[in-house]
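The values are calculated or read from the model by the stated rules, or taken from the named source; none is laboratory data. Source: prediction; values computed, not measured. All Cβ positions, even for glycine, are placed from backbone atoms using ideal geometry, and neighbour counts span all protein chains on display.
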Amino acid sequence: MIELRALTKHFGEKVAVDHLTFTVRPGIVTGFLGPNGAGKSTTMRMMLGLDRPTAGDVRIDGKHYADLHDPLTNIGALLEAKAWHPGRSAYHHLLCLAQSNRIPAQRVHEVLDTVGLTSVAKKRTKGFSLGMGQRLGIAAALLGDPRVLLFDEPVNGLDPEGIHWIRNLMKGLAAQGRTVFVSSHLMSEMALTADHLVVIGQGRLLADTSMAEFIARNSRAFVRIRTPQPEALRDALHTAGINAVASADGTFEVCDAQAAQLGELAAEHRIVLHELSPQRASLEEAFMRLTAETVEYHAHDGEPPPEQDRPAWGEGWRQGRGA
């Protein structure tokens, strides 16, 4: 379990994380969403002790990260791709991590097999593709067989088979009773993976709820109707007091009636329907509606590309370690 209580982080005058309070519970996959610059990466870094909070508290199974003995056996994390020495092989990268955390060498072979890198285990990582790097990072996160796992953009660089694999892996880990916390910008993938959502914007908590409830609260559902008799349908809907919006593709969208009701209305007026389909609200639409006022960077406003929500490596290291 991961517990955040009023977690806050300032970088100079910038407030990256603003009094975040939520709990990531075991047994489910919790998705972590927010626009660019929302503070997601900084929050995850504070969970791992890489950045020191300005205020507030974060605990892993009741302990601060710094107090964990052999931390890889408690929490595994994938935060950045290619976080290794390029001259080392995949095997020796993992072996170094294992030896520093008193993990048996046999476990290295097990996780390499789990992520599908056994055949390239002895190759130097400098030649790895982004997808192979992601798999190696996931192997490192799994190395200590931890009860808590953090994944930041885990599907980056993966092909469709790899995306399907990591989705099932995360669900399987949660089914074992582990705590799984995953951040991603791919809404379609998050909708298939996460059971619960934590959404932040400008460092503040916007939502902490189940996937179904989040979508229901922040998006609209409608019924799409397509017919070769648009005028007759429009008149029938108007007479019944049902509002319909005509779309550019010639279909109608109805928000205040059920599909069965609309089908019966069309049959009563002998109107032919080519389509009558309830449209499920999407996670992407719900996310866009909720975070619209917290988006810091817009592609159309002529601003320079956004920077990370933390300072450069050297400055972040000094602030995080108090040097």
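The figures follow:
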read-out: Residue list for the range 22-80, restricted to those being under 16 Å from the mean Cα position of the chain (by Cα), among the small types (Gly, Ala, Ser) and under 23 Å from Leu169 (Cβ atoms); value: Gly31, Ser41, Ala77
read-out: Selection count where residues are free of Cβ contacts under 8 Å to residues at least 24 places away in the same chain and within 15 Å of Phe32 (Cβ to Cβ), scope the range 176-225; value: 2
read-out: All positions within the range 228-276 that are loosely packed, with under 13 Cβ neighbours inside 10 Å, within 30 Å of Ser188 (Cβ to Cβ), at pLDDT 90 or above and among the small types (Gly, Ala, Ser); value: Ala260
read-out: Qualifying residue in the range 47-56 (condition: among the polar types (S, T, N, Q) and modelled with pLDDT of 95 or more); value: yes
read-out: The lone exception for Lys14 - which of (1) surrounded by fewer than 17 Cβ atoms within 10 Å (Cβ to Cβ); (2) closer than 28 Å to Leu169 by Cβ it fails; value: (2)
read-out: Residue satisfying condition, being crowded, with 16+ Cβ neighbours inside 10 Å and outside any loop (DSSP other than H, G, I, E, B), within set Thr23, Thr43; value: Thr43
read-out: Selection status of Ser210, within 30 Å of Val115 (Cα to Cα) and at pLDDT 90 or above; value: yes
read-out: Residue list for the range 201-225, restricted to those being assigned to a strand (DSSP E or B) and β-branched (Val, Ile, Thr); value: Thr209, Val223, Ile225
read-out: Hits in the range 146-167 (condition: touching a residue at least 12 places away in the same chain (Cβ under 8 Å) and among the charged types (D, E, K, R)); value: Arg147, Asp152, Glu153, Asp159, Arg167
read-out: Only listed residue being over 19 Å from Val148 (Cβ atoms), loosely packed, with under 15 Cβ neighbours inside 10 Å and not basic (Lys, Arg), chosen from Ala83, Ala66, Ala55, Ala90; value: Ala55
read-out: Sole exception among (1) outside any loop (DSSP other than H, G, I, E, B); (2) touching a residue at least 40 places away in the same chain (Cβ under 8 Å); (3) outside the structural domain of Glu13 (by TED's automatic domain parsing) for Pro228, by number; value: (1)
read-out: Gln134 vs. criteria in a helix (DSSP H, G or I), in contact with a strand residue (DSSP E or B) (Cβ under 9 Å, 6 or more places away or on another chain) and either surrounded by fewer than 15 Cβ atoms within 10 Å (Cβ to Cβ) or polar (S, T, N, Q) (or both); value: yes
read-out: Residue within the range 26-44 that is in contact with a Ser or Thr (Cβ under 7 Å, 6 or more places away or on another chain) and over 29 Å from Ser129 (Cα atoms) present; value: yes
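Per-residue answers, yes or no, for (1) at pLDDT 95 or above; (2) of a type in the set (D, E, K, R); (3) out of contact with any Asp or Glu (no Cβ under 9 Å at 6 or more places or on another chain); (4) not assigned by TED's automatic domain parsing to the domain that holds Met190:
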site	(1), (2), (3), (4)
Lys9	yes, yes, no, no
Val15	no, no, yes, no
Thr23	yes, no, no, no
Gly34	no, no, yes, no
Gly37	no, no, no, no
Ser41	no, no, no, no
